[in-house]
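The values are calculated or read from the model by the stated rules, or taken from the named source; none is laboratory data. In this text, all values refer to a predicted model and were calculated from it rather than measured experimentally. Counting neighbours? That spans all protein chains shown, and the Cβs are built from the backbone with ideal geometry, glycine included.
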């Protein structure tokens, strides 16, 4: 079994001045190489959990946190977020909040420079990160002349240049158009496949991420409503009741199930639906 990189046992967390608990009874262990998709309704606790895992809670946001959180064996309550940088990369919703230099290559180089690496290694990391997310051609452009989608990929490249063991992405496509979002998510999926980086992603565009996620965690009202294999979760948890948009392909398969046509395993892509229907219809013709 792969090594655990995150162990979170959160009895409760309340933001400063908050009347309601933001998180309660959260018990999560995430292992090396997993791609974990976190979904749930707005305000349900997804971003709060990410802030806990990267140490921003309680060090930046404050509040009352009861429990323990370990990231690569380090207690995040006792460890400053800066000390987690060698292991952890984070990309938030608004890329402009994370852009720190004028040109693309300077921005991507900023993180490795803070690690006091040699110039040659910094340059190599920058080139590898730019190539990994498909923006090597933008290296000399001003970050302020880029689209939101391109800026978000710069932020991702900056996180990758740190060569993190764990990458946390908190709704990174929320301010990107569908085409840019698809390109960004393709970059993340390629990264996971090629490098086996552990990824925790909060995302509302479920159709793009579900096919590549190893695990689905659904959070609602600050609590975990599901934690397990994505296909099983989609079949057993009513995402619509939680205010989530079900991917059309998944909704089609669920509707067919209600009509007595079982597509198993539950398809997540158009190609999987086509293959499943071929199996069902082929079996039906053979019986006749």
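For the stretch 60-71, taking the residues that are closer than 20 Å to residue 169 by Cβ and out of contact with any strand residue (DSSP E or B) (no Cβ under 6 Å at 6 or more places or on another chain), the one that is surrounded by the fewest Cβ atoms within 10 Å (Cβ to Cβ) is identified as 60. If the condition is being within 22 Å of the chain's Cα centre (by Cα), outside any loop (DSSP other than H, G, I, E, B), surrounded by 12 or more Cβ atoms within 10 Å (Cβ to Cβ) and at pLDDT 85 or above, then the stretch 237-253 contributes 249, 250. Going by the structure shown, is residue 33 within 19 Å of the chain's Cα centre (by Cα) and at pLDDT 90 or above? Yes.
For the stretch 161-185, filtered to residues that are under 22 Å from residue 30 (Cα atoms) and out of contact with any strand residue (DSSP E or B) (no Cβ under 8 Å at 6 or more places or on another chain), the residue that is modelled with the highest pLDDT is 163.
Checking each residue in the stretch 254-273 for being loosely packed, with under 14 Cβ neighbours inside 10 Å and touching a residue at least 24 places away in the same chain (Cβ under 8 Å) picks out only 265. Taking the conditions exactly as written (in a loop (DSSP other than H, G, I, E, B), outside the structural domain of residue 26 (by TED's automatic domain parsing) and farther than 28 Å from residue 65 by Cβ), does residue 256 satisfy them or not? No; evaluated as a whole, the condition is false for this residue.
Quick grid of which residues meet (1) without any contact (Cβ under 8 Å) to a residue 12 or more places away in the chain; (2) part of a strand (DSSP E or B); (3) assigned by TED's automatic domain parsing to the domain that holds residue 200; (4) within 25 Å of residue 211 (Cα to Cα):
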{"site": "2", "(1), (2), (3), (4)": "no, no, yes, yes"}
{"site": "16", "(1), (2), (3), (4)": "no, no, yes, no"}
{"site": "21", "(1), (2), (3), (4)": "no, no, yes, no"}
{"site": "27", "(1), (2), (3), (4)": "no, yes, yes, yes"}
{"site": "38", "(1), (2), (3), (4)": "no, yes, yes, yes"}
{"site": "44", "(1), (2), (3), (4)": "no, no, yes, yes"}
{"site": "58", "(1), (2), (3), (4)": "no, no, yes, no"}
{"site": "69", "(1), (2), (3), (4)": "no, yes, yes, no"}
{"site": "83", "(1), (2), (3), (4)": "yes, no, yes, no"}
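Only one of these is assigned to a loop (DSSP other than H, G, I, E, B) and modelled with pLDDT under 90: 277, 262, 234. Name it. None of the others qualify; the one that does is 262. The residues of the stretch 170-204 that are part of a loop (DSSP other than H, G, I, E, B) and surrounded by fewer than 19 Cβ atoms within 10 Å (Cβ to Cβ), listed by number, are 174, 175, 177, 196, 204.
Applying the criterion of at least 1 residues that are at pLDDT below 90, exposed (fewer than 15 other Cβ atoms within 10 Å of the Cβ) and not assigned by TED's automatic domain parsing to the domain that holds residue 197 to the helices (runs of 4 or more DSSP H) found wholly in the stretch 90-160 leaves 104-114, 119-132. For residue 241, indicate whether it is farther than 27 Å from residue 109 by Cβ and touching a helix residue (DSSP H, G or I) at 6+ places or on another chain (Cβ under 8 Å). So residue 241 fails the test.
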